[in-house]
Each structure stands twice: as C-alpha cells, then as structure tokens.
Amino acid sequence: MTALLDGKSAIVTGAGSGVGRASALRFADEGARVLVADIDLDNAKETVRQIEGRGGAAVAVEVDVADEAAVEGMIAAAVDGFGRLDILFNNVGIPTPRLGMSFEDHTLADFNRLVAVNLGGVFLGCKYAVVQFKKQGDGGVILNTGSVAGLVAWGGTVYGATKGGVLQLTRAVAVEVAPFGIRVNAICPAAMPLTGFMAAGGLQADEAQQAAIAEKVGAQHPLGHAITAEDCAEAALYLVSDAARNVTGVALPVDGGYVAR
C-alpha cells in the first residue's frame, strides 16, 4: 500500500459489485474512508464487510442515482460521516434492457431510463459534489464512468448516446470548475464480460460460458485481454489521486487498445 488516498473521503456509486466494488476496495486500501453507495443495500454492505476485513473504513448507503434527493443526501451523508468530501466516483451505469437489441426496438421508456441513470445520475452527482467542493473551498475530484461506447459506435446505440453525454459533461464541467481546484475526469471501459454487466443486460452464462465470452472479447483488443473490474479500479485510483493533480477533462480508455486501432 502506498497510501495514495490517505485521509481522503470518497464516495463510490454502484459500489456493491463490479467496477464500483473493485474501486471502493482499492480506494480504501490506499487510505480513503469510503461511502459505499448502491441501489442494493445488501451488496453495499458486503463491500463494506470486505473493506473492513482488509483493515479499511467504510459505510454503506442505499442510493438511486436517478433520485435527486437521494443523491443530495448521499453527499450529505459522506460529509456528516467523514467531515468533508474529497472524491466522488460516479460509477453507476445500466445496460440496454437486452444486449444486442436494435435501435428501433428501444421504447421511449427504455430511452428515458437509460438517460435518467447513465447521464442523469452523473449530472446529479457532479452538481452536488461541486456544490460541496465549493463550500469547502479547497478543491476536489470527480470521476465518471463513461464507456468505449461513448467514444465510438460500439455497443447499444442509446446506451452509447448516454455515455457520449457523460463524456461531454465531464469535459465541460472540468473546464468550468478548474478555477476552483476541482478536477473532473472519466474512464471508458471496453466490454467487461466478467463483471455481471452482461447479466444485467439479460445475457445469462455459466462460468465456462463467461470464460469463453471473455476470451472472444479479449481477442478484439490489440492487447488480447478482456477488461476486468480491477483494470478499471487501477485507472480510477490514478485519476482520483494527487498523482493526476494536473490531469482534468480526460476520457481515459481502459480497452486494451480497442479505440486506437
């Protein structure tokens, strides 16, 4: 442990599983006190249990990031519990209702839900984190989870549009709040077949099938590997740490070279 986040207070949304859990664990390993936020409180509590088992400090809260009052309350809970807020990782994202579905098969309800969670949740998190950071007066860090689907035409069309919105929001907010010492960046993962994201999109696979899918997906990346939650957590750790003190407004692909082809 290098204590990159020693003494920092962090919120990670969607921290009950996948990239959120892996990132919450890494942040805590590096000394951060972590508010583990997830719509599934039991999953959030399990992440806290794992953090505490490794000697870290964390608390769990149930949050729907599409609910403004809930997001505002989440920020307040971190400040109440830890005394301040230093880092917000807006990680929550949902896939299309059915992976591989065509653009025209999306209903308006599908569209509205994807926008409300994937883009609206990031908007709300950024808004209330900026309010808190300005109140504190000494800067802060926001990290958003985008996607390769927001950089190129890959993946679900509506999903990709929401992630494209996340990246533009990231860049624009970064420029606007830079004078206040607030940094805003995004990570852009490629497909992560081992994180449970595919299951959320309606694709059920056993362990052997997941391994086969991971191998096939990895073959599409120049480096030859599927992306893992831990890969994203390492990128997230760098961007929220002081090692990236002069990095803002970036969309960092975690994709094995996919978009560089």
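The values are calculated or read from the model by the stated rules, or taken from the named source; none is laboratory data. Values in this document were obtained by computation on a predicted structure and should not be read as measured data. Every residue, glycine as well, gets a Cβ built from its backbone with ideal geometry; the counts of neighbours run over all protein chains shown. Just the protein is used for accessible areas: all its heavy atoms, side chains included, with ligands, DNA and RNA removed. Shrake-Rupley method; radii C 1.70, N 1.55, O 1.52, S 1.80 Å.
Per the conditions (1) without any contact (Cβ under 8 Å) to a residue 24 or more places away in the chain; (2) closer than 23 Å to K127 by Cα, the sole criterion not satisfied by V48 is (2). Hey, any hits in the stretch 96-105 for a residue that's basic (K, R), outside any helix (DSSP H, G or I) and surrounded by fewer than 17 Cβ atoms within 10 Å (Cβ to Cβ)? Taking every residue of the stretch 96-105 in turn, at least one turns out to be basic (K, R), outside any helix (DSSP H, G or I) and surrounded by fewer than 17 Cβ atoms within 10 Å (Cβ to Cβ). Only one of the numbered conditions (1) at pLDDT 95 or above; (2) under 20 Å from the mean Cα position of the chain (by Cα) is violated by G156, and that is (1). Of all residues in the stretch 137-160, those satisfying the criterion of being assigned to a helix (DSSP H, G or I) and either without any contact (Cβ under 8 Å) to a residue 40 or more places away in the chain or in contact with a Lys or Arg (Cβ under 6 Å, 6 or more places away or on another chain) (or both) are A149, G150, G160. In the set A149, A58, A69, which member is more than 27 Å from V177 (Cα to Cα) and not aromatic (F, W, Y)? Every option except A58 fails the conditions.
Taking the stretch 229-240 as the range and being open to solvent by 20 Å² or more (accessible area, probe 1.4 Å) and touching a residue at least 40 places away in the same chain (Cβ under 8 Å) as the test, the residues that pass are E230, D231, E234.
For the stretch 173-216, the set of residues classified as modelled with pLDDT of 95 or more and either under 18 Å from the mean Cα position of the chain (by Cα) or buried (at least 18 other Cβ atoms within 10 Å of the Cβ) (or both) consists of V173, A174, V177, I182, R183, V184, N185, A186, I187, C188, P189, listed by residue number. Checking A219, A226, A251, A243 one by one, the residue that is open to solvent by 10 Å² or more (accessible area, probe 1.4 Å) and over 18 Å from A149 (Cα atoms) is A243 and no other. Of the listed requirements (1) assigned to a helix (DSSP H, G or I); (2) open to solvent by less than 30 Å² (accessible area, probe 1.4 Å), A116 misses just one: (2).
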